[in-house]
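Report on the structure given below.
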Amino acid sequence: MAAPQRIRANSVLPARREALTLTTADGLDLVGELALPSTGDPVATMVCLHPLPTHGGMMDSQILRKAAARLPALARVAVLRFNTRGTSSPHGTSQGEFDEARGERHDVAAAIEYAEFAELPNIWIVGWSFGTDLGLMHGHDPAVKGAILLSPPLRFAQAEHLRVWDESGKPLVAIVPEYDDYLRPAAARERFAAVTHAEVIAVPGGRHLWVGQAEVVLDLIVARLNPAAAPLPTTWDGPMEHEPSPLRVQR
């Protein structure tokens, strides 16, 4: 048996990775990828909503990229990523144009519908920055079990969107960096008080882009999606690849 190797920032663990195209209700084709455990079925699914594309956010932003690279193997979590309308990444460019969280409702719906059609289990929305607004505004779907929000700015989401999550009782977890650029833990607790069951987790030393804290974030995600797999191991004793160089961290 091979000696365990340390999981590094650019480590890629085994998974079944399938390029996919999501077609929206308004006729756009979106670039995406589904990463599944290399053998067997997943126990949970994260539908990833990326940061603001006008500031470099995309499906390959670092937290989402690392989730796809690690979680199918380490936690049996399926990771569905895609570029929202008008967004480009190394995987390609989605049709359409950025629409300030309005037209993107069709993008979110297309991703959830794909997960349903593929019979993926235990579907959670996992949004980061702009993606948290999309999740709050458009991710409350009967097929969705709950939502995890990374660095939520609450820029586009309004009180009525929080009210929907409050009335549903579905889990809503906000993971907030201590030194966030937009909404810090104390303010986040005030804003999310509108959702009586919401959980706000402050991460000491954290910043909006989570540089150097991907492991902390992934542990918190897995603790909700598959608690039996948390905390994640830091070594791997099977096949491992490495990206030539990590992509620049995006907003």
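Can you pull the one-decimal nm distance between simple spin-label points at ALA143 and THR234, each 7 Å off the Cα toward Cβ?
3.8
Rank GLY146, GLY96, GLY212 by mean-square fluctuation in a GNM of the chain with C-alpha springs under 10 angstrom and give only the top-ranked residue.
GLY212
With Cβ to Cβ distances under 14 Å as the rule, what net charge do the other residues near ASN83 carry (K, R +1; D, E -1)? Don't jump to the answer; show the numbers that get you there.
Details: positive: ARG65, ARG81, ARG85; negative: ASP29, GLU33, ASP60, GLU97, ASP99, GLU104, ASP107.
Neighbour charge sum, excluding ASN83 itself: -4.
Scan the stretch 137-197 for trypsin sites (Lys or Arg not before Pro) in coil per DSSP, keeping those whose Cβ has at most 14 other Cβ atoms within 10 Å, and list them by number.
Hits after loop and neighbour filter: ARG155.
Taking just the C-alpha trace of the chain, give me its Rg and Dmax in Å.
Cα-based Rg and Dmax for the chain come out at 16.8, 55 Å.
Obtain the nm distance between the two label points defined at HIS242 and ASP41 by a simple spin-label model: each point lies 7 Å from its Cα along the Cα-to-C-beta direction.
Calculated label separation equals 3.7 nm.
Against the 2.2 N^0.38 Å scaling, with N counting residues, where does the stretch 3-102 land? I'd like the Cα-based Rg ratio to two decimal places. Intermediate values should be presented prior to the final figure.
Working: Rg = 14.3 Å, N = 100, 2.2 N^0.38 = 12.7 Å.
That works out to 1.13 for the stretch 3-102.
May I ask you to evaluate 6.51 cos²θ - 1.76 cosθ + 1.60, the Karplus curve with θ = phi - 60°, for each residue of the stretch 33-50 and list the ³J(HN,Hα) values in order in whole Hz, giving x for glycine and proline?
Once rounded to whole Hz, the list reads 8, 10, 10, 10, x, 5, 9, x, 9, x, 9, 7, 9, 10, 9, 8, 10, 7.
Restricting to DSSP H runs of at least four residues, report the calculated mean residue ellipticity at 222 nm for the chain, -39500 (n - 2.57) per run over all residues, nearest 500 deg cm²/dmol. List each step's numbers first, then the result.
Numbers: 6 runs with 67 residues, N = 251.
Only helices count here, giving -8000 deg cm²/dmol.
Under the Karplus relation 6.51 cos²θ - 1.76 cosθ + 1.60, θ = phi - 60°, what is the ordered set of whole-Hz ³J(HN,Hα) values for the stretch 131-137, x standing for Gly and Pro?
For the stretch 131-137, the Karplus curve yields x, 6, 4, 4, x, 5, 7 Hz.
Could you go through the stretch 176-193 in sequence order and give the Karplus-derived ³J(HN,Hα) for each residue, using 6.51 cos²θ - 1.76 cosθ + 1.60 with θ = phi - 60°, rounded to whole Hz, and x for Gly and Pro?
Using θ = phi - 60°, the values come out as 10, x, 4, 10, 4, 6, 10, 9, 8, x, 4, 5, 5, 4, 5, 5, 7, 4 Hz.
Going 7 Å from the Cα of THR54 along its beta-carbon direction, which residues of the stretch 71-113 have the amide nitrogen within less than 17 Å of the resulting point?
From the stretch 71-113, the list is 84-88, 96-105.
Using only alpha carbons, build the gyration tensor for the stretch 144-188 and give me the equivalent ellipsoid semi-axes, biggest first, whole Å.
Working: eigenvalues 80, 30, 13 Å².
Equivalent ellipsoid of the stretch 144-188: 20, 12, 8 Å, largest first.
What is the diffusion coefficient of the stretch 105-177 in µm²/s, taking the Kirkwood radius over Cα pairs and the Stokes-Einstein relation at 25 °C with a viscosity of 0.890 mPa s? Write out the running numbers ahead of the final one.
On the way: Rh = 12.2 Å.
D = 201 µm²/s.
Every number here is computed from the coordinates shown, using simple stated rules; none is lab data. What you see is a predicted model; the values in this text were computed from it and never measured. Note that we place each Cβ from the backbone using ideal geometry, even for glycine, and neighbour counts take in every protein chain shown.
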